[in-house]
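Below is one structure, written out as structure tokens; the observations come after it.
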């Protein structure tokens, strides 16, 4: 029995390595495709590139989330304010989509991996931008209590229908016509690996996702 378990563990490790190698190898040609797509869009703006761009974006989201979740990452002490400020600097293109972003609340520190937390934020922000095709606002609300800290991400889109809210964090469930629900699945797993949790709430105007982490 021990020999069988050892063989299974070895096989699993090999599959994990193949999986990660495949993700790394797939991202390079995907970057090239995106670059050529941007060029073609600029030269031929009326040729209907949106379906291709959406497919490339969905694949990139899946690969990024898979890589962030599957690769072991060291945890260090993180300041949520510093993390949010850096994240928004990287996402300054939001204004080109008519989206304004604000951060308010209290700083807190927690043990985590910045790249994985950023992947969670990217998933939520990208979903919010897709839900606001004509622009809108994003509000990041930071709160803290004894032993915990929360990051709430709220948009001004249409929100999530009540019939979909119970299955948001399970594979195969998505509110987007071309989505597969992979991003939120990885988000939940990453947050849980940090000892935290995620939940959905109806916001004042749209969707509101809340990430909770144990603080240090």
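If only one of 168, 138, 142, 124 is surrounded by 14 or more Cβ atoms within 10 Å (Cβ to Cβ), at pLDDT 85 or above and in a loop (DSSP other than H, G, I, E, B), which one is it?
After applying the criteria, what remains is 168.
Would you mind finding the one in 99, 103 that is at pLDDT 90 or above and farther than 17 Å from residue 151 by Cβ?
Residue meeting the stated conditions: 99.
Would it be correct to say that residue 207 is at negative phi and out of contact with any helix residue (DSSP H, G or I) (no Cβ under 9 Å at 6 or more places or on another chain)?
Spelling it out, it is not the case that residue 207 is at negative phi and out of contact with any helix residue (DSSP H, G or I) (no Cβ under 9 Å at 6 or more places or on another chain).
Have a look at 98, 147 and point out the one that is under 21 Å from residue 54 (Cα atoms), touching a residue at least 24 places away in the same chain (Cβ under 8 Å), exposed (fewer than 14 other Cβ atoms within 10 Å of the Cβ) and out of contact with any helix residue (DSSP H, G or I) (no Cβ under 8 Å at 6 or more places or on another chain).
Testing whether each residue is under 21 Å from residue 54 (Cα atoms), touching a residue at least 24 places away in the same chain (Cβ under 8 Å), exposed (fewer than 14 other Cβ atoms within 10 Å of the Cβ) and out of contact with any helix residue (DSSP H, G or I) (no Cβ under 8 Å at 6 or more places or on another chain) leaves just 98.
Conditions: (1) at pLDDT 90 or above; (2) surrounded by fewer than 20 Cβ atoms within 10 Å (Cβ to Cβ); (3) in contact with a strand residue (DSSP E or B) (Cβ under 8 Å, 6 or more places away or on another chain); (4) more than 23 Å from residue 57 (Cβ to Cβ). Residue 213 meets all but one. Number of the miss?
(2) is the only condition that residue 213 fails.
Would you call residue 81 in contact with a helix residue (DSSP H, G or I) (Cβ under 9 Å, 6 or more places away or on another chain) and at pLDDT 90 or above?
no
Inspect all residues belonging to the stretch 102-120 and state whether any of them is assigned to a helix (DSSP H, G or I) and more than 13 Å from the chain's Cα centre (by Cα).
No, that holds for no residue.
Consider residue 177 against the criteria (1) at pLDDT 90 or above; (2) assigned to a loop (DSSP other than H, G, I, E, B): it satisfies all of them except one. Which criterion is unmet?
(1)
The values are calculated or read from the model by the stated rules, or taken from the named source; none is laboratory data. Remember, predicted model here, so these are calculated numbers, not experimental data. Positions of Cβ are backbone-derived with ideal geometry, glycine not excepted, and every protein chain shown enters the neighbour counts.
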